[in-house]
Amino acid sequence: MPTSMGGPGSYRWMVLGVSTAVNALAWGARSTFALFYVAILEEFAWGRGPTALGYSLSWLCFVVFAPVAGWLYDRWGVRTVVTIGGLALGVALGLTGQVSSLTQYYLCFGVLSAAGIACILIPSTAIVTRWFIRSRGTAMGVLSAGNAGGAVAFYPVNAWLIATLGWRSALLAFGAIVGAATVALALLYRDPPTDEEPPSSEAQPARPKGARSTGETWTLRRALRSTRLWAAFTMTTLGVIGFQIMATHQVAHAVDRGFPQSMVVWVFALGAACMMAGNLFGGWLSDRVGRGWVFALGSIVAMVGIGCLALTRGPHDLPLLLLYTASGFGFGMRIAQLSAIPADVFAGPELGAILGVVQAGGGLGGAIGPFLGGWLFDITGSYELAFIAAGVAVAGAAVAAWFAARPIGRAPDAVPRLEKSTGPCRP
């Protein structure tokens with residue numbers, strides 16, 4: 001067991017760093033898909049729709065694998081499950097580079113990569129929520145900032161690999177990087193103390209606003225009967241739908257309005273930086289004023305930004321485009337709450353499985369959002385209705401988040417705490 005970090009209170013930052021890194025690796029595999037998508041289209045005559053379906057399938061399969069990954073984490077521990085996830089994702093990427101048919105492509109990238117991503121993301125998030133109690137929002141902000149950081153880091157890496165090796169060998173090399181790095185990082189994990197109070201550095205005078213402390217714990221079965229769980233699921237689903245509509249179609253809309261593509265790329269790269277800043281600020285602020293308030297504030301900023309992009313008619317409206325870019329800060333403020341809110345409510349030894357159910361909503365939203373935006377454009381000839389749908393989804397997510405995060409004195413459908421353990425303990 002590592003002991004060189006100054007005790008449990010200090011080691012939590014190591015855990016946060018490891019989780020941020022493995023999250024960046026997992027999200028890097030998904031977010032850089034567009035680079036390989038173009039290369040696959042050039043080699044095969046599958047068509048854009050069938051080829052893009054592999055990406056949508058990876059989101060849909062995440063709906064199934066996320067709860068399974070959480071259940072496995074509750075029983076096997078974070079090291080084992082993240083290691084399995086890293087190996088599965090690395091193999092999936094390597095095999096995708098060898099496909100010769102759509103069926104192989106769907107199985108390798110759509111199914112196997114989704115299993116690997118789920119086994120990385122769910123345990124690495126759950127372990128952080130257990131190490132960080134009082135400053136959980138801040139920790140989730142750092143963790144979610146790493147997701148965007150993975151895209152920023154691996155876009156140039158994979159572009160270089162494709163240009164140098166070709167897309168097939170590039171996927172094989174990228175899979176080896178992801179697999180080896182994830183397995184090595186997983187060895188650094190350590191579970192939080194279970195037979196003592198939280199680390200002293202976490203013992204602040206008060207719990208985060210909106211967090212519940214009832215002396216009770218939740219089982220997955222009881223949580224599934226709770227309206228608060230399904231509010232959190234709805235929050236995640238609608239939040240990802242709104243975000244994915246904008247993230248998938250923002251470039252196409254700007255280019256349609258006459259903005260040079262080279263400028264658009266840099267403008268939206270700035271938007272990613274704003275989102276990372278929002279991740280950090282939103283997480284920190286939610287520890288002080290409450291998760292629901294921060295989610296609502298971020299949603300308002302995001303909706304204003306969506307309106308600015310919808311009103312953008314041409315290059316003369318550059319200020320509106322820049323305002324939309326800055327609204328990435330609002331989108332980012334919300335992301336840290338997607339895990340912090342259910343972790344506040346459903347603390348206990350089955351938190352991993354419960355978080356898996358909540359995050360499955362993100363898989364559903366990720367499958368719906370891009371398709372919905374494109375379908376609305378196809379039937380109307382513009383993105384106006386798609387952007388309205390994104391705004392409605394963002395607002396709906398805020399309402400669901402407010403309901404899920406509302407402070408209560410006691411959970412009537414929770415069971416009494418029978419043990420002190422907050423998760424599997426591994427030496």
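The values are calculated or read from the model by the stated rules, or taken from the named source; none is laboratory data. All of these numbers come straight from a predicted model, not from anything done at the bench. Note that we place each Cβ from the backbone using ideal geometry, even for glycine, and neighbour counts take in every protein chain shown. For accessibility, only protein heavy atoms count, side chains too; no ligands or nucleic acids. Shrake-Rupley method; radii C 1.70, N 1.55, O 1.52, S 1.80 Å.
Remarks
- Identity of the residue in segment 18-39, modelled with pLDDT under 85 and β-branched (V, I, T), that ends up surrounded by the most Cβ atoms within 10 Å (Cβ to Cβ): T32
- Within segment 129-141, the residues that satisfy the criterion of being in contact with a Gly (Cβ under 9 Å, 6 or more places away or on another chain) and either basic (K, R) or farther than 12 Å from A277 by Cβ (or both) are R130, S135, R136, G137, T138, A139, M140.
- Which numbered condition W230 misses (of (1) open to solvent by 70 Å² or more (accessible area, probe 1.4 Å); (2) more than 29 Å from G70 (Cβ to Cβ); (3) under 19 Å from the mean Cα position of the chain (by Cα)): (2)
- For A343, the criteria (1) open to solvent by 10 Å² or more (accessible area, probe 1.4 Å); (2) more than 21 Å from Y383 (Cα to Cα); (3) modelled with pLDDT under 90 hold in every case but one, which is (1).
- Annotation: T236 fulfils all but one of (1) surrounded by fewer than 23 Cβ atoms within 10 Å (Cβ to Cβ); (2) in contact (Cβ under 8 Å) with a residue 24 or more places away in the chain; (3) farther than 24 Å from D378 by Cβ; the unmet one is (1).
- Unmet criterion (only one of (1) part of a loop (DSSP other than H, G, I, E, B); (2) over 22 Å from I335 (Cβ atoms); (3) modelled with pLDDT under 90) for A211: (2)
- Across segment 159-179, the number of residues qualifying as open to solvent by less than 40 Å² (accessible area, probe 1.4 Å) and closer than 10 Å to L93 by Cβ comes to 7.
- Restricted to helices (runs of 4 or more DSSP H) entirely inside segment 77-184, those with at least 2 residues that are modelled with pLDDT of 95 or more are 78-96, 113-131.
- Close pairs from segment 377-399: first more than 14 Å from I300 (Cα to Cα), partner outside any helix (DSSP H, G or I) and modelled with pLDDT under 95, Cβ under 6 Å, at least 6 apart: F377/Y383
- Of the residues making up segment 36-47, one or more are over 30 Å from P342 (Cβ atoms), among the small types (G, A, S) and touching a Phe, Trp or Tyr at 6+ places or on another chain (Cβ under 7 Å).
- Residue, most open to solvent (accessible area, probe 1.4 Å), within segment 81-101, restricted to residues that are in contact (Cβ under 8 Å) with a residue 24 or more places away in the chain and out of contact with any helix residue (DSSP H, G or I) (no Cβ under 6 Å at 6 or more places or on another chain): Q98
- Whichever residue in segment 270-285 is farther than 17 Å from A340 by Cα and touching a Gly at 6+ places or on another chain (Cβ under 6 Å) and, among such residues, is modelled with the lowest pLDDT: G271
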